[in-house]
Amino acid sequence: MKVPFVNPVRNYHLIKEEIDAAYHDVMEKGDYIDRGHLKNFEDNLAKFVGTKYAVGLNSGYDALQVSLRALGIGPGDEVIVPAHTFVASCSAIPNVGAAPVLVDVAKDFNIDVTKIEEVITNKTKAIMPVHLSGWMADMPVIMEIAKKYNLYIVEDACQSLGSSINGKGAGAWGNTGCFSFYPFKILGGYGDGGAITTDDENIAFFAKRIRYNGEDRDSGEYYMHGFTCLLDNLQAAFLDVKLKHFPKWIKRRKEVAQKYYEGLNHLPDLLLPHYNVPGFDHVYQNYTVRSKQGNEFSDYLKKNGIGVLTQFRKPYYKHKGLNLIDRGFPETEALSREVCSLPMNVEIFDEEIDYVIKVVRSFYGK
Ligand SMILES: Cc1ncc(COP(=O)(O)O)c(C=O)c1O
């Protein structure tokens, strides 16, 4: 049997009629840029996350860099970011002229909140917690630190739409929440896409203008040198269809995770992503396990027809071209050798989950 990491064509067929209808609606109206479909999706996304505003942009990366600009962060400022994340979280910081300050992660792959205060200086302006794989960073503690030191929070929620802590959604805690709709994200479009969520009217205005070359579309006034980085109307129409299915799809992800848990719990040398922190809700964009056997484990799965991801064997700060300061991040280094994400998506069949479990167990001689 072959079990791909994701199965985009099967996913499309789950909702083909609605996606095709959305496509025809956009095409028959000729509505490509900044029209009703975008506005509707933004309204629905804000409602879903629990913020007053959502602004559609063309990527998660742009959501991050626009957030930093909206908060006035630039040269001379420092921003705290985890050592283990997708490189775009960090890249947004030097790209606005500020300095990233890396902090190691904890066992749950998210920023180690006990290590944040030791890197705060008088240049620190913001913390960028990243909610990896559908599991949120410890926002109650991070919000306290931010309050104590008067820092902004830019939540990188690119992997965690739908997750929450004590009922408050990812993307609703910080000054902004940043989302990616890259096709294989938990809510994925059919190309790149992203959004900022916020309760701050000024940030929402800033993002709406900067995405349109700095222009206020009502008055025609240019407020800043901006970019062309809107979420396409067509992608917004598709995402709006998928958002309707999203609560049901989160349930399915939790079901898949539970099946993995039941099949793989208690295996020696294999750590599963179940943390059981009261109030925290895992939505499992990814099901990332840690195997002491590292590549030997992931290669065995691949050899047996299972699509896995082994991000990121080489931590991003070890890439010379990025010019980052490596202060030594032992947890990031340990997990980088061990991580392996198993197939996790809503289109997977139960027999495929069973097969993955069987292969993993056989690796451990069970
Ligand atoms: C944690 C994280 N931050 C930022 C991004 C950037 O998003 P995008 O690829 O839409 O620019 C991604 C996804 O790629 C991500 O996983």
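A residue that is near the ligand (Cβ under 9 Å from one of its atoms), farther than 16 Å from R327 by Cα and touching a helix residue (DSSP H, G or I) at 6+ places or on another chain (Cβ under 6 Å) occurs nowhere in region 72-81. Residue check: is V79 assigned to a strand (DSSP E or B) and either out of contact with any strand residue (DSSP E or B) (no Cβ under 6 Å at 6 or more places or on another chain) or over 27 Å from R209 (Cα atoms) (or both)? So V79 does not fit the description; no.
Taking the stated definitions as given, is L243 open to solvent by 10 Å² or more (accessible area, probe 1.4 Å) and part of a helix (DSSP H, G or I)?
yes
With respect to (1) farther than 20 Å from S336 by Cβ; (2) open to solvent by less than 10 Å² (accessible area, probe 1.4 Å); (3) outside any strand (DSSP E or B), the lone exception for R69 is condition (2). Buried (at least 21 other Cβ atoms within 10 Å of the Cβ) and within 21 Å of I142 (Cβ to Cβ), is that true of V113? No: the conditions fail for V113.
Do the conditions hold for K318, that is, is it more than 24 Å from the chain's Cα centre (by Cα) and surrounded by 12 or more Cβ atoms within 10 Å (Cβ to Cβ)?
Criteria not met by K318.
Taking the conditions exactly as written (basic (K, R) and either assigned to a loop (DSSP other than H, G, I, E, B) or within 16 Å of the ligand (Cβ to nearest atom) (or both)), does R217 satisfy them or not?
yes
Here F184 meets the list (1) within 15 Å of the ligand (Cβ to nearest atom); (2) in contact with a strand residue (DSSP E or B) (Cβ under 9 Å, 6 or more places away or on another chain); (3) more than 19 Å from L38 (Cα to Cα) almost entirely, failing just condition (2).
Look through K39, K107 and report the one residue that is open to solvent by 10 Å² or more (accessible area, probe 1.4 Å) and either under 22 Å from E215 (Cα atoms) or outside any loop (DSSP other than H, G, I, E, B) (or both).
Within the list K39, K107, the selection yields K39.
Only a single item in (1) away from the ligand (no atom under 14 Å from the Cβ); (2) within 19 Å of K52 (Cα to Cα) is not met by S163, and it is number (1). Considered as a group, the residues in region 127-150 that are part of a loop (DSSP other than H, G, I, E, B) and more than 16 Å from the ligand (Cβ to nearest atom) include one that is nearest to Q311 (Cα to Cα), and that residue is D138. Scanning region 2-13 for residues being over 23 Å from the mean Cα position of the chain (by Cα) and open to solvent by 70 Å² or more (accessible area, probe 1.4 Å) gives a total of 2. Pairing each residue of region 185-204 that is touching a residue at least 24 places away in the same chain (Cβ under 8 Å) with any residue that is charged (D, E, K, R) and within 10 Å of the ligand (Cβ to nearest atom), provided the two are 6+ apart or on different chains, yields C-beta distances under 7 Å for G194/D62. Number of residues in region 171-199 that are surrounded by fewer than 20 Cβ atoms within 10 Å (Cβ to Cβ) and closer than 10 Å to A54 by Cα equals 1. In region 217-238, the qualifying residues are those that are modelled with pLDDT of 95 or more and among the acidic types (D, E), and the one that is least open to solvent (accessible area, probe 1.4 Å) is D232.
The values are calculated or read from the model by the stated rules, or taken from the named source; none is laboratory data. Remember, predicted model here, so these are calculated numbers, not experimental data. Heads up, the Cβs are rebuilt from the backbone with ideal geometry, glycines too, and the neighbour counts pull from every protein chain shown. Side chains are part of the model used for accessible areas, which takes the heavy atoms of the whole protein and leaves out ligands, DNA and RNA. Shrake-Rupley method; radii C 1.70, N 1.55, O 1.52, S 1.80 Å.
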